[in-house]
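**Q** To start, I am sharing the structure in question, which I have written as structure tokens.
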Amino acid sequence: MSDSRPIGIFDSGVGGLTVLDAIRRELPGEDLVYLGDTARVPYGTRSARVVARYSWNNACFLRDQNIKLLVVACNTATAMALPLLHERLGLPVLGVIEPGVRMAVELIPEGPLAVIGTRGAMGGGAYNRVLEQVQPGRALTSIPCPLFVPLAEEGLTSGILAAEAVRLYLEPLRGHVRGVILGCTHYPLLKAEISSFLGPEVVLVDSSTAVAGETARLLARSGLAAGPGKGGERYFVTDAPGAFQVVGQRFLGRAIAGPELVDIQPLNYPGGES
Ligand code: DGL
């Protein structure tokens, strides 16, 4: 039994490409459909109600592309919309928070641990709730770093601006943590700056490989894996395909074949008042 339908992946912008890249390495034969909601990025500064509505719209758009599984490649959307998507989408859905937390606990079983992410993802306590389930009683310091997403979207991931932003937010962690969860899929793009500021002894946990592993396991146990395939990719964005292509290509290290511009209609939101 094999299932040749694509895997759907969405993020607010280019950040989720870090997850797409990990899934591609883990599952070279699967077709992937990526949606970057570039018209509405950033998500991390918006309310839970708005992010849940955007996430629902994105998920429905990808469901219309006949996907077999949805990967929410965005911590903010995972924190704010995962239960709704699990309940209402009618497809298997994976988020990025739980795989990231499990990986962190495995890599850094003790000692001071921190998570950095958007205001939205840090504000609602989603990371603390998941960590409490995975390793009860473990303390976690959360730090929102709102300037990291625009820096990544602009491709400004090294140099003076990136270094200053890293210093601004992460000074309180320097010398005081053993590991930091990169709780935003845009942040691996700033990994080199973060690591050079915090020091090589601090483990940076990028959830993308854990998410890719979880995707492979879910496909295998549900009989949804594709047979030998070409590993096709299709990219959609809600605005500025040219900028997405340039910045995304730099991060992926390979060409992004013509991102298609789409309008996502805010229809049939099932999560209450929209
Ligand atoms: N990449 C996203 C995340 O993981 C969202 C960034 C944003 O749009 O603010 O949270």
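No lab work stands behind these numbers, since they all come straight from the coordinates. In this text the structure is predicted, and so the values were computed from the model without any measurement. No Cβ is skipped: glycine too gets one built from the backbone with ideal geometry, and neighbour counts run over all protein chains shown.
**Q** Hey, got the dipole for segment 1-148? About the Cα centre, +1 on K and R Cβ, -1 on D and E Cβ, debye to the nearest 20?
**A** Working: 14 positive and 13 negative charges, 98 e Å.
Computed charge dipole of segment 1-148: roughly 460 debye.
**Q** Go through Q135, I67, A48 and say which Cα lies farthest out towards the positive end of the charge dipole of the chain; charges sit on Cβ, +1 for Lys and Arg, -1 for Asp and Glu.
**A** Value: Q135.
**Q** Compute, for segment 163-274, the length of the dipole vector about the Cα centre, with Cβ point charges of +1 (Lys, Arg) and -1 (Asp, Glu) only. Units Debye, rounded to 20.
**A** Details: 10 positive and 11 negative charges, 99 e Å.
In total the dipole reaches around 480 debye.
**Q** Of the candidates A257, A81, A73, which one comes out as most mobile in a Gaussian network treatment of the chain with C-alpha springs shorter than 10 Å?
**A** Its mean-square fluctuation being the largest, the pick is A257.
**Q** Here is a follow-up. As I understand it, the dipole of the chain uses +1 on the Cβ of Lys and Arg and -1 on the Cβ of Asp and Glu, about the Cα centre. Which of T157, A114, F236 lies farthest toward its positive end?
**A** Most positive-ward Cα: A114.
**Q** Compute a Gaussian network model of the chain, connecting alpha carbons closer than 10 Å, and tell me which residue from G36, G213, G179 fluctuates the most.
**A** G213
**Q** Can you tally the net charge around Y169? Count Lys and Arg as +1, Asp and Glu as -1, for every other residue whose Cβ sits under 13 Å from the Cβ of Y169. Mind showing how you got there, number by number?
**A** Details: positive: R119, R167, R174; negative: E164, E171, E193.
That works out to 0.
**Q** Enter the Cα centre distance for the pair segment 63-125 and segment 170-229, rounded to the nearest angstrom.
**A** Between the Cα centres of segment 63-125 and segment 170-229 lies a distance of 12 Å.
**Q** If you average the sequence gap of Cα pairs under 8 Å that are 6 or more apart and divide by the length of segment 5-141, what percent do you get for the contact order?
**A** Numbers: 195 pairs, mean separation 34.8, N = 137.
Relative contact order comes out at 25 percent.
**Q** Which net charge results when you count Lys and Arg as +1 and Asp and Glu as -1 among the other residues whose beta-carbon is under 13 Å from that of F197?
**A** Details: positive: R167, R174, K191; negative: E164, E171, E193, E201.
Taking every Cβ under 13 Å from that of F197, the sum is -1.
**Q** Report the convex hull volume per residue for segment 23-134, counting only C-alpha atoms, in Å³.
**A** Hull volume normalised by residue count: 118 Å³.
**Q** When only C-alpha pairs under 8 Å and at least 6 residues apart count, what is the relative contact order of the chain, in percent? Before the final figure, lay out each step's value.
**A** Details: 543 pairs, mean separation 81.8, N = 274.
Relative contact order here is 30 percent.
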